[in-house]
Every structure is written in structure tokens, then in C-alpha cells.
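Worksheet: one structure, shown below.
The values are calculated or read from the model by the stated rules, or taken from the named source; none is laboratory data. Just so we're clear, the structure is a prediction, and the values are computed from it rather than from any experiment. No Cβ is skipped: glycine too gets one built from the backbone with ideal geometry, and neighbour counts run over all protein chains shown.
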Amino acid sequence: MSATPVLLRTAATSPFRGKTSFAVTSRLEYSIGRIRGEGITVRMSSSDISFKTSRSLPVDRKIRLCIHWPAVTSHGSVFIAVTGRVLRSTTEDTTVQVLDYKCQTKARPVGC
């Protein structure tokens, strides 16, 4: 899957926990143990990330996301490395609870 990163300035109330979420369309890669794949972010908040993927992922499992953030600095591309837990997943949409994240500006951050 490929997508041009787009950050929209619209906000909505997240249905999961009443947090404000933002419509962010950006490419990501995920891994759950040996399961690896790609997706496109749909909405993000400080506590949850929703993304589209072509398959359903196992619920209540630890997941790692590498989000290609829609920004470039003088040090290179910006990545967000996220550790989370799959809250729900269908073949259309997956929602992950954010447990930890790091923003990095390397060619390829560790864990991504």
C-alpha cells in the first residue's frame, strides 16, 4: 500500500474514550510477532490509532507500528514508532491502544 501523507486539520471526538482525534492519512507498517503488514492511518489521538489494512489482526495482542509521519526535517524523514495493543480489528479497520511511542528522524528507526 502506498499513500501520500496528509494531515487534515479537522478534529472529532473519538468513539473509544472521548478523546479528541485527528484525521491523519499516512503509510504505516505493523508487526505482531511473525505477522507483518502495511496499512494506512485513518484517525489518531494520544491514546488510540485507527488504520486500514487488508486483514483482520488478532485482538488483545501487542503490536508495533512504524508510522511514516507527514514531515521531513534537515535530519531526514520523521517516523513514529508505536507500541500498542490491538483493541478491535476487522478486514476493514483496526484500532490500537497506544502504550508507548517515540518520534525519530533517522533513515530507518530501530523497531520500525
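A few remarks follow.
- Those residues of the stretch 89-107 which are charged (D, E, K, R) and either part of a loop (DSSP other than H, G, I, E, B) or surrounded by 15 or more Cβ atoms within 10 Å (Cβ to Cβ) (or both), in sequence order: Glu92, Asp93, Lys106
- Within the stretch 46-76, tally of residues that are part of a loop (DSSP other than H, G, I, E, B) and either more than 21 Å from Thr20 (Cα to Cα) or free of Cβ contacts under 8 Å to residues at least 40 places away in the same chain (or both): 11
- Some residue of the stretch 21-35 being closer than 14 Å to Val98 by Cα and either polar (S, T, N, Q) or modelled with pLDDT under 95 (or both): yes
- The stretch 27-72, subset under 13 Å from Gly84 (Cα atoms) and of a type in the set (Lys, Arg), residue surrounded by the most Cβ atoms within 10 Å (Cβ to Cβ): Arg64
- Among the numbered conditions (1) in contact with a strand residue (DSSP E or B) (Cβ under 6 Å, 6 or more places away or on another chain); (2) over 16 Å from Asp93 (Cα atoms), the only one that Ile35 does not meet is (1).
- Meets criteria (assigned to a strand (DSSP E or B), touching a Phe, Trp or Tyr at 6+ places or on another chain (Cβ under 9 Å), over 17 Å from Thr94 (Cβ atoms) and modelled with pLDDT of 90 or more) for Phe79: yes
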